[in-house]
Amino acid sequence: MSGNSANKADNGGTPIGVNHIVLNVRDIEEAHRFWTEIIGLKQVGELHPRTDMGPGPVAKMRFYSGDHGGKMTHHDVAIVENPNLPPPPANWELFGSQAINHIAIAMPDRESWLKRLAFMQTRGVKFNMRVNHGVTHSVYINDPNGYGVELLYELPRQMWERDIDAGLNYLALLPTEGPEALVDDLENAPSFGTAAE
């Protein structure tokens, strides 16, 4: 891949990753229930009024964290209420017209991921796609605002790190309803590549 050999002394190096994402939502209470009850994040804070932010009302904003080794972080996801957002598409599509394709949320391991999928089924959450990628096993759902959310667990690095591109391009579509949507065949998942770059 081009651009992987950047000189750290010249440009500061490669970032370690995405720190957080902030989403505009029509109804903060509805979005709060989705991110806490369905996804399982914990609310860690909310924006308080400040005199130095100018006149007028302060936007409603809340901050959420996943479990980072038994600790919370300042936020992985934040939501800001904006009741003037356009309505979500009638049917979510992976490559639809929404501005954000999807947000991926990692579960700590396969067992907790399977439990979360079973829980979501009991709550009537629609699985838009159930997919085994070469790097993750995933379910795609959408939040009340139409944002796609991929809930995943990452496969062991030794299965994909020798050829990340091949792992990213592997795709096995699986059933989205019933007990079949909860079947996860890790034992027969493929491994990729001969040498890491």
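Quick notes on this one:
- Scattering curve values for segment 26-175, log₁₀ I(q)/I(0), Debye with Cα scatterers, q = 0.12, 0.16, 0.21 Å⁻¹: -0.59, -0.98, -1.44
- Potential lengthening between residue 119 and residue 42 on full extension [0.36 nm per residue; Cα-Cα distance subtracted]: 26.0 nm
- Karplus-derived HN-Hα couplings along segment 113-128 (A = 6.51, B = -1.76, C = 1.60, θ = phi - 60°), whole Hz, x at Gly and Pro: 5, 4, 5, 5, 4, 4, 4, 4, 4, 5, 8, x, 6, 6, 8, 6
- Using the Cβ-Cβ distance between residue 50 and residue 80 with R0 = 22 Å, the FRET efficiency computed as 1/(1 + (r/R0)^6) comes to roughly 0.90.
- A DSSP coil position with no more than 15 other Cβ atoms inside 10 Å describes the following trypsin sites (Lys or Arg not before Pro) in segment 75-158: 123, 126.
- Largest GNM mean-square fluctuation across 12, 40, 70, computed for the chain with C-alpha springs under 10 Å, falls on 12.
- Distant-in-sequence amide H partners of residue 23 (H built 1.01 Å from N, under 5 Å): 78, 79, 80
- Cα-centre dipole for the chain with unit charges at Cβ (Lys and Arg positive, Asp and Glu negative), debye to 20: 440 debye
- Given charges at Cβ of Lys, Arg, Asp, Glu: the chain dipole, positive-most of 44, 140, 55: 55
- In the chain, a dipole from Cβ-located charges (positive for Lys and Arg, negative for Asp and Glu) runs towards its positive end, and of 191, 164, 25 it is 25 whose Cα lies farthest in that direction.
- Additional length obtainable on full extension of the chain from residue 27 to residue 73, 0.36 nm per residue less Cα span: 14.1 nm
- Karplus-derived 3J(HN,Hα), 6.51/-1.76/1.60, for each residue of segment 145-150, Hz, glycine and proline x: 9, x, 6, x, 10, 9
- The trypsin sites (Lys or Arg not before Pro) found in segment 1-91 that occupy coil by DSSP, while having at most 13 further C-beta atoms within 10 Å, are 50.
- Phi to ³J(HN,Hα) by Karplus 6.51 cos²θ - 1.76 cosθ + 1.60 over segment 41-58, Hz, x for Gly, Pro: 5, 10, 6, 10, x, 8, 6, 9, x, 9, 6, 7, 9, x, x, x, x, 8
- Projected label distance in nm at residue 110 and residue 18, using a 7 Å step from Cα toward the beta-carbon: 2.6 nm
- Virtual spin-label span in nm between residue 90 and residue 126, 7 Å along Cα→Cβ: 1.1 nm
- In the chain, the DSSP-assigned H stretches of four residues or longer account for a calculated mean residue ellipticity at 222 nm of -4000 deg cm²/dmol, using -39500 (n - 2.57) per stretch and the full residue count as denominator.
Every number here is computed from the coordinates shown, using simple stated rules; none is lab data. As the structure is a computational prediction, the values presented were derived from the model and not from experiment. Cβ coordinates were reconstructed from backbone atoms using ideal geometry, including for glycine residues, and neighbour counts include every protein chain displayed.
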